[in-house]
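Working notes, structure below.
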Amino acid sequence: MSATGAHQTSVQNDLPTHEAQPTLQRSRVVRLLESPPALLALFIVALCIIFSVLTGSFDTGANAVTIVAGSGVLALVSLGQTFAMISGGFDLSVAGVAPLAAVVFVILSNDGLPATVAIVAVVAIGAAVGLINGAIITWVGINPLITTLGMLSITGGAAYAASSGITVSLNDPGAGFLANPLPANVPVFVVITIVLAIVGWLLLRFTTIGRSIYAVGGNRSAAWLAGIRVNGLTVVVYALCGALAALAGIVVASELLAGSGTVESTVALESIAAVVLGGAALTGGEGTVAGAMLGVLVIGIIGNGLQLIHISSFYQQIATGAILLLAVGSQRLRRLGQHRIRSRAAAHPTAQPGGSAPQEHPQADMRADLTRHDMAGPPPATERDHRPPLGNSKG
């Protein structure tokens, strides 16, 4: 072959590469736009623009602090809910744990217990409630919906019983130091929430425990066969969810300087809406802390904006329910679209630049295998939870 022919062949071989670069860039943009956190960020920008046009007091630093502070309680509960939903469940009892924690914190503080000791004790109570939830779900085998719904009734009733159905005032305002303002009028609990969110993000993204939580939510049986302590990890996740809900109740009591059985009664729905809005799947195995926090901001911005334009707060509940339905619906449509794309790609394996066969994707094949495993259904509760996994007692 002459040098000219070899040069032409080289140029021809390079052409698909140069043509593929814009396609690759476009695919990256499409993946970015399909990412729930990215879409939420764009939605937040759109909401801010809309409310800034409707009211001149929205786009101010003071109102930004108000939105962040008003979203702190929901952020704490949603952080725990994120772990629960990624693991394949959810926790409705947070709407009872939060008011119970608020009432117990006020009672303990009024009895002379130091505020820090009271906080530790109340958070421990919330973790104990979560431990009970996790134990019932894993070892008794009751569905998370029924378990946490029953615990919601128990803890909510306990909150009313402990407060005798009335609002209990906090005698020492200093005990509510979590609501004290820092520089820029940012409350203490906001900083604590941000730190906990960063720790949760690092835990899920960079640790074995985080990867195990995703594995349990993606396919519980496969995670068990891989040697993951499925039952113990589930109990820990629900204990964490209960502890964060209790901390949220303490924050509410610190803000109001009182405890009541009626506070944060809608936090369960709102936290699930925020986490789903952030990209979590109701079936488990998906979701991020960043997405959940952005979902919290969306709910907080909508509530704040509606108040500034003098729309009744009752409509915020309507907006929250509508957001939840839209989030689940859009998630379902996105998955159907991705399934159709994969189906077309499987039906036309040679439809690649240059006519070459597509590259293999072991991770996609593994996900397909896990999906088929899910469709077959997990083993019975007694067999799944009590037999030793492959000669090693993993729990």
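Summary table
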quantity: Whether the range 109-189 is rounded, prolate or oblate, judged on the alpha carbon gyration tensor where a/c under 1.5 counts as rounded; calculated: prolate
quantity: Gyration tensor (alpha-carbon) shape descriptor, the range 59-121, a/c threshold 1.5; calculated: oblate
quantity: Order of Val68, Val168 - criterion: other Cβ atoms within 10 Å of each residue's Cβ, fewest first; calculated: Val68, Val168
quantity: Residues with amide H under 5 Å from that of Ala258, placed H, sequence gap 5 or more; calculated: Leu170
quantity: Rg in Å to one decimal, and Dmax rounded to a whole Å, for the range 58-329 via C-alpha atoms; calculated: 18.0, 56
quantity: Sorted by Cβ neighbour density within 10 Å, fewest at the top, the residues Thr167, Thr193, Thr147; calculated: Thr167, Thr147, Thr193
quantity: Net +/- balance of residues flanking Leu170 in space, Cβ distance below 13 Å, scoring K and R +1, D and E -1; calculated: -3
quantity: Leading residue at positive end of dipole, the range 58-329 (Cβ point charges), from Ala98, Leu306, Asn185; calculated: Ala98
quantity: Peptides 310-319, 115-124 ordered by average Cβ neighbours within 10 Å, highest first; calculated: 115-124, 310-319
quantity: Pairs of Cα atoms farther than 18 Å apart, the range 274-337, %; calculated: 39
quantity: Proxy reagent accessibility, fewest Cβ within 10 Å first, across Trp224, Trp139, Trp201; calculated: Trp139, Trp201, Trp224
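Every read-out reported here was derived from the displayed coordinates using simple, explicitly stated rules and does not represent laboratory data. Just so you know, these numbers come straight off a predicted model, no measurement behind them. Positions of Cβ are generated from backbone atoms using ideal geometry, with glycine treated the same way; all protein chains shown enter the neighbour counts.
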